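Structure, as structure tokens:
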Amino acid sequence: MGMYPGGNVIYVTPTVVAGTTAVDDVMFNATEIPNVVASRGGLSKLIGIGMIDQDAENHDMDLVFMQNQYNLGTADAGPDISDDDLMAAKILGVIDCDWTTSQVNLASVSGLNYFANQNRANTVQQLPMLLKAEEGSTSVYFSALAREEMAFAATDDLTFVFHIEYIS
């Protein structure tokens, strides 16, 4: 089943805004998650997401997953995507990431979080989520919306760790 039998752990560092991003603004442009499926056009299960925030500021956000790379708007501005582009993006799902319910404390490291199956209101199981790549591709894309004001010191201060189980 592809290069990584059974599954994969994929690290992705999107380019975030260095400086302040306002509440409800786009945090970063649609970013590729490579090898998220084992074969072109395949299917996988996203079973967990880790986040490493080098600023250790613990920001709430919504992650938006899509088959095709379409920006939700300009990074550091409010969402601005047409209905046609939203449909063409082929949204796969949205995950509500609440740092207060998912923080992992490792000595003095406070910017490490893991999201498994809860949301902010603990009413909807969000993971696992199925991810389907576009025909001819083994990637999907993701972006994020800030749910509170946040500031990063550098554009590479946030890394996501995706735990993937391959299906087909």
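Every number here is computed from the coordinates shown, using simple stated rules; none is lab data. Model, not experiment: these values are computed from the prediction. Neighbour counts run over all protein chains shown; Cβ positions are idealised from the backbone, glycine included.
Overview of results
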| quantity | calculated |
| --- | --- |
| Summed residue charge, Cβ within 13 Å of residue 76's Cβ, Lys/Arg positive, Asp/Glu negative | -4 |
| Solution diffusion estimate, µm²/s, Stokes-Einstein, the range 23-80, Kirkwood Rh from C-alpha pairs, 20 °C, viscosity 1.002 mPa s | 157 µm²/s |
| In nm, spacing of pseudo-spin labels at residue 159 and residue 55 (7 Å Cα→C-beta vector) | 1.8 nm |
| Förster-model FRET efficiency, 22 Å R0, residue 86 and residue 130, C-beta, rounded to 0.05 | 0.70 |
| Separation in nanometres of the label points that stand 7 Å from Cα toward Cβ, at residue 40 and residue 74 | 3.7 nm |
| Global geometry of the range 1-101, whether rounded, prolate or oblate, following the gyration tensor of its Cα atoms and the 1.5 cut on a/c | oblate |
| Residue 57 long-range amide H proximity, modeled H, under 5 Å | none |
